[in-house]
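**Q** Structure incoming, see below.
The values are calculated or read from the model by the stated rules, or taken from the named source; none is laboratory data. Keep in mind it's a predicted model, so treat the numbers as computed, not measured. Ideal geometry is used to build each Cβ from the backbone, glycine not excepted, and the neighbour counts take in all protein chains shown.
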Amino acid sequence: MQLLAIPFPEISPFVFEIGGFGLRWYALSYIAGIVLGWRILLSLTSRPLLWGVPADQAAPISRDDVDDLMFYATLGILLGGRLGFVVFYQPHMLADPLQVLKIWEGGMSFHGGLIGVCIAVIATALSRKVSLWRVADAAALIAPFGLLFGRIANFINQELYGRATDVPWAFIFATDPMKLARHPSQLYQAAMEGLLLGVILWVAVKVFRSLSRPGLTAGLFMIGYAVFRTVGEQFRQPDDFAPDLPGFLTMGATLSIPMALFGLWLVFRARPGKPGMAADSSSKADPT
């Protein structure tokens, strides 16, 4: 029996509005994640020991490499996220290209954004002649910050809410036409995909020196995200337009399966004792 449900407080979807123009919380989450990630990566360019490189040598990722990565990644997140949403969830929109461009009406896919970031990583590695796995590790390390801010923005926007429940911390979202008490699944996902996954990666970097084994940090991120996303999907209300799938599977969980498998391959590839991994391909001449 439902004993208590928290009515969602009235929060404007805009951080501020001036003359018909406003900055939405969701846009702010993107900006905050990108800027914070950029600053963190810049700081890591001055810490070669974390990358398994002697202190008297340069880190395998330079400040210019970071600048290019963040530029390409921003494009990848926006374009890939939108196209992923259309292809994975709303393919009928392809018949009307103008609908695809209306990004301000909402509709972004993490897995589409991930594909966009993967392309950005490849573009950065090739154009800057940097190790592909070094760039992938850098991108993976800062990804949880964007996920954390993005899920909090989902909560503020009262979107992607959870399934009906009788837990005492349930919320009644104004955007829910049924006005049911629901799991605040956005906060669950923020805690798992953002905060917890971020802590795991930073412990791997600081304590276990995962950046010294190219591809390991990226692999840990992919496995961790796939697991936490699948868990979070069990509390999240499936989208009305999402296909019905058997058992615990949802579209988000299904798309996480290949991500987890690729992550496992990266971790296996970077395992201790694998020939050539310790010395690394940090050379600018080897983009792979």
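**Q** Sort out which residues of region 110-134 are touching a residue at least 60 places away in the same chain (Cβ under 8 Å) and either surrounded by fewer than 18 Cβ atoms within 10 Å (Cβ to Cβ) or in a loop (DSSP other than H, G, I, E, B) (or both), and write them in order of number.
**A** Within region 110-134, 126, 129, 130, 131 qualify.
**Q** Let me ask something additional. Every residue in region 164-175 that is in a loop (DSSP other than H, G, I, E, B) and buried (at least 17 other Cβ atoms within 10 Å of the Cβ), please.
**A** Applying the first criterion (in a loop (DSSP other than H, G, I, E, B)) to region 164-175 yields 165-170, 173-175.
Result: 165, 170, 173.
**Q** Okay, next question. Suppose the filter is modelled with pLDDT of 95 or more and in a loop (DSSP other than H, G, I, E, B); does residue 238 pass it? If you could, list the steps in order and put the result at the bottom.
**A** Details: modelled with pLDDT of 95 or more: no; in a loop (DSSP other than H, G, I, E, B): yes.
Here the answer is no, as residue 238 does not meet what is asked.
**Q** To continue, here is another question. What number goes with the only condition from (1) under 30 Å from residue 131 (Cβ atoms); (2) hydrophobic (A, V, I, L, M, F, W, C); (3) part of a strand (DSSP E or B) that residue 34 does not pass?
**A** (3)
**Q** Check 55, 5 and return the single one that is more than 30 Å from residue 182 (Cα to Cα), over 24 Å from the mean Cα position of the chain (by Cα) and small (Gly, Ala, Ser). Show your work before the answer.
**A** Values: 5 fails: more than 30 Å from residue 182 (Cα to Cα).
None of the other options fit; the residue is 55.
**Q** Still on this structure, please answer the following. Name the single residue that is modelled with the lowest pLDDT among those in region 74-113 being over 18 Å from residue 153 (Cβ atoms), of a type in the set (A, V, I, L, M, F, W, C) and out of contact with any Leu (no Cβ under 8 Å at 6 or more places or on another chain).
**A** 101
**Q** Kindly provide the set of residues from region 48-84 that are in contact with a helix residue (DSSP H, G or I) (Cβ under 6 Å, 6 or more places away or on another chain) and aromatic (Phe, Trp, Tyr), ordered by number.
**A** 51, 72
**Q** Further, regarding this structure: Residues in region 178-208 that are free of Cβ contacts under 8 Å to residues at least 24 places away in the same chain and either acidic (Asp, Glu) or buried (at least 18 other Cβ atoms within 10 Å of the Cβ) (or both): how many?
**A** So the count comes out to 2.
**Q** Against the conditions (1) polar (S, T, N, Q); (2) out of contact with any Pro (no Cβ under 6 Å at 6 or more places or on another chain); (3) in contact (Cβ under 8 Å) with a residue 24 or more places away in the chain, where does residue 175 fall short? Just the number, please.
**A** (3)
**Q** Just to verify a result, which residue in region 241-258, among those that are at pLDDT 70 or above and under 19 Å from residue 86 (Cα atoms), is surrounded by the fewest Cβ atoms within 10 Å (Cβ to Cβ)? Quick ask: steps written out before the conclusion?
**A** If we filter region 241-258 for residues that are at pLDDT 70 or above, which is where we start, we get 248-258.
Among the residues that remain, those that are also under 19 Å from residue 86 (Cα atoms) are: 250-256.
Working: 250: 21, 251: 19, 252: 23, 253: 19, 254: 16, 255: 18, 256: 25.
Only one residue fits best here, namely 254.
**Q** I've got another one for you. Return yes or no: is residue 218 closer than 14 Å to residue 147 by Cα, outside any loop (DSSP other than H, G, I, E, B) and either within 20 Å of the chain's Cα centre (by Cα) or polar (S, T, N, Q) (or both)?
**A** No: the conditions fail for residue 218.
**Q** Still on this structure, I have one more. Any residue in region 59-82 that is over 20 Å from residue 38 (Cα atoms), buried (at least 19 other Cβ atoms within 10 Å of the Cβ), free of Cβ contacts under 8 Å to residues at least 40 places away in the same chain and not hydroxyl-bearing (Ser, Thr, Tyr)? If you could, list the steps in order and put the result at the bottom.
**A** Initially, region 59-82 is screened for residues over 20 Å from residue 38 (Cα atoms), giving 82.
Of the ones still in play, those that are also buried (at least 19 other Cβ atoms within 10 Å of the Cβ) are 82.
When the remaining residues are screened for being free of Cβ contacts under 8 Å to residues at least 40 places away in the same chain, the result is 82.
Still in the list and also not hydroxyl-bearing (Ser, Thr, Tyr): 82.
Scanning region 59-82, I find at least one residue that is over 20 Å from residue 38 (Cα atoms), buried (at least 19 other Cβ atoms within 10 Å of the Cβ), free of Cβ contacts under 8 Å to residues at least 40 places away in the same chain and not hydroxyl-bearing (Ser, Thr, Tyr), so the answer is yes.
**Q** Which residues, counting only those in region 259-281, are surrounded by 14 or more Cβ atoms within 10 Å (Cβ to Cβ) and at pLDDT below 90?
**A** Residues satisfying the conditions are 277, 280, 281.
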